[in-house]
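Please find one structure pasted underneath; my questions will follow.
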Amino acid sequence: MISVQEAKSILKNTCPIGACELQDLNLAVDSITAKPIKASIETPAFDNAAMDGYGIAWSSDDNYQVVSTIQAGSKKINNIASGQACRIFTGAKIPQGVDTIIPQELIKRKEDRIYFDKQRIQKGANIRLKGSQNRAGDTLIDQGVLITPGIMGLLASVGIDKVPVYRKPSIGIILTGNEIKTVGTELEEGEIYDANGPILKGFLRQLGINTVETVNLKDDEKLTSQTLVRFLASHDIIIVSGGISVGEYDFVKQGMDQAGVEELFYKVSQRPGKPFYAGANSGKLVFGLPGNPCAVFTCFSQYIKPSILQWMGHSDCWEPSGFLPLENTFSGKNGFTHFLKAKKSQNGVSILSGQESFNLIAYGKANVTVEIPAEHTIKAVGDRVAYYNC
Ligand SMILES: Nc1nc2c(c(=O)[nH]1)N[C@H]1C(S)=C(S)[C@@H](COP(=O)(O)OP(=O)(O)OC[C@H]3O[C@@H](n4cnc5c(N)ncnc54)[C@H](O)[C@@H]3O)O[C@H]1N2
Ligand code: MOO
């Protein structure tokens, strides 16, 4: 049995980073850039009006004759001579001859002439100059940056429709157990509803992963190894729920061996989720999650989620979300790291009742998981503890 730190460090050192792929701009949010991104055009591409108003060539005059109208997107634009003005709108291309835009609020118009107070405006005002956002060839985004909606707007503004990002992994989920029934069907004697599938799919959706194949398997050794072999051929990360403990109908460990998965570790000194298994095969990762739902939740959030984030190019994915003082006492089994359903408030974090690994009720209130390290399992009110956002 290895410690939580050892298990995390093995995965951190084993989990690969996904290859670079070109992602559609509109789907790129929350991906990480796999290369620096440069602009191939300058933006704005032309001088344009920053306000709705009138364009003039600045002079000593305080009135001008309006000779044309220019709308945003207009292509036919006549030059403006001294003493003339054009009606112009925000975003419209500035005609030759114009060097200042007077906002319409500052203008008095009488027929085709405009008048304004020259004290209230300066020469050169309200023009967005060509190239004032960026020049062609400028690096806009570095490699390793999380793509936000703002970045998507920036990339669109320079005409980029495909973004080089780290590829998201394709995930296979194998739910084992003769007793497991999918929600929406009728339970028979001895059966229970599958909670682990929804837990895993919820996490994967939060990570923006849509390529997920799920199968439900009876407890059967051959079926388990055959399905693992099939999933290894078509997925990057495989997650198996249940069947990894020591019972006579637990076949996942044997299935892993038969499918050629190389064990990275089996059993971690933690609660819940002690019989947690991790393995690798040709750059793919395979996880065997202990079947109790809180073990599935804990092992996914502590190990699989950071591995997937690392795969997708994120850094700092293994760190806790923060540290806060405990609002109640805790005493756990020595030598085991405890991951506890808890509720975080502004000033502290409170461990919830119902910590058994079959018992999901505390997830109705929990917003964090608290970590109590194996070296110091007795905690008093006010002791600072690490927490991870749910
Ligand atoms: N003699 C021992 N028995 C057990 C040990 C041990 O060390 N020695 N470890 C216990 C711990 S801790 C856990 S966790 C479980 C893990 O067992 P398995 O991974 O083999 O899982 P199963 O036996 O298949 O299921 C355990 C439990 O979880 C329920 N389950 C399974 N799948 C689902 C699902 N999709 N949704 C909801 N609930 C599920 C299942 O019905 C069982 O109640 O082993 C302990 N035993
Ligand atoms: O890992 Mo088990 O979840 O402690 O019951």
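In degrees from 0 to 90, rounded to the nearest 10, what is the angle of the helix 221-234 Cα long axis to the longest principal axis of the chain?
Here the helix axis deviates by roughly 20 degrees.
If you wrap a convex hull around the alpha carbons of the chain, what volume per residue comes out, as a whole number of Å³?
Hull volume over Cα atoms, normalised by residue count, gives 206 Å³.
OK, next. Between the range 13-55 and the range 358-386, what is the separation of their alpha carbon centroids in Å?
Distance between centres, Cα-based: 41 Å.
Tally up the carbon and sulfur contribution to the accessible surface of the range 1-101 as a whole percent, 1.4 Å probe, everything protein left in place.
Carbon and sulfur together cover 49 percent of it.
Same structure, new question: Which percent of the accessible heavy-atom area of the range 103-174 goes to carbon and sulfur, probe 1.4 angstrom?
C and S atoms contribute 47 percent here.
Sorted by mean Cβ packing within 10 Å, highest first, what order do the peptides 325-338, 30-43 take?
Descending mean neighbour count gives 30-43, 325-338.
Can I ask one more? Compute the long axis of helix 196-206 from its Cα atoms, compare it with the longest principal axis of the Cα atoms of the chain, and write down the angle in degrees, 0 to 90, nearest 10.
Taking the Cα atoms of the chain, the angle to 196-206 is about 20 degrees.
Next question, about the same structure. Quick check: from the Cα gyration tensor, does the range 255-359 come out rounded (a/c under 1.5), prolate or oblate?
Cα axes put the range 255-359 in the oblate bin.
Please say if the range 226-315 is rounded, prolate or oblate, where rounded means a/c under 1.5 for a ≥ b ≥ c the square roots of the C-alpha gyration tensor eigenvalues, and otherwise the choice is prolate for a/b larger than b/c and oblate otherwise?
Oblate, since a/c reaches 1.5 and b/c is not below a/b.
Return the calculated 222 nm mean residue ellipticity for the chain, to the nearest 500 deg cm²/dmol, obtained by summing -39500 (n - 2.57) across DSSP H runs with n ≥ 4 and dividing by the residue count.
My calculation for the chain gives -5000 deg cm²/dmol from helical runs alone.
Please give the charge dipole size of the chain, origin at the Cα centre, charges +1 on K and R Cβ atoms and -1 on D and E Cβ atoms. Round to the nearest 20 debye.
1460
Any idea how far apart residue 20 and residue 132 come out in nm if each label point goes 7 Å out from Cα toward Cβ?
3.4
Using only Cα atoms, find the angle between the long axis of helix 4-14 and the longest principal axis of the chain, and express it within 0 to 90 degrees, rounded to the nearest 10.
Result, in degrees: 60.
Given the pairs 162/253; 284/333; 8/343; 201/267, which are separated by over 31 angstrom at their Cα positions?
Pairs exceeding the cut-off: 162/253; 284/333.
In the range 223-381, what percent of the accessible surface is made up of carbon and sulfur (1.4 Å probe, ligands and nucleic acids excluded)?
Of the solvent-accessible surface of the range 223-381, carbon and sulfur hold 51 percent.
Leaving out ligands and nucleic acids, and using a 1.4 Å probe, what accessible area per residue does the chain come to in Å²?
Roughly 49 Å² per residue, with all protein chains present.
The values are calculated or read from the model by the stated rules, or taken from the named source; none is laboratory data. From a predicted model like this one, the values you see are computed outputs, not experimental measurements. Quick reminder, even Gly has a Cβ in these numbers, built from the backbone with ideal geometry, and neighbours come from all protein chains shown. With ligands, DNA and RNA removed, areas are computed over all heavy atoms of the protein, side chains included. Shrake-Rupley method; radii C 1.70, N 1.55, O 1.52, S 1.80 Å.
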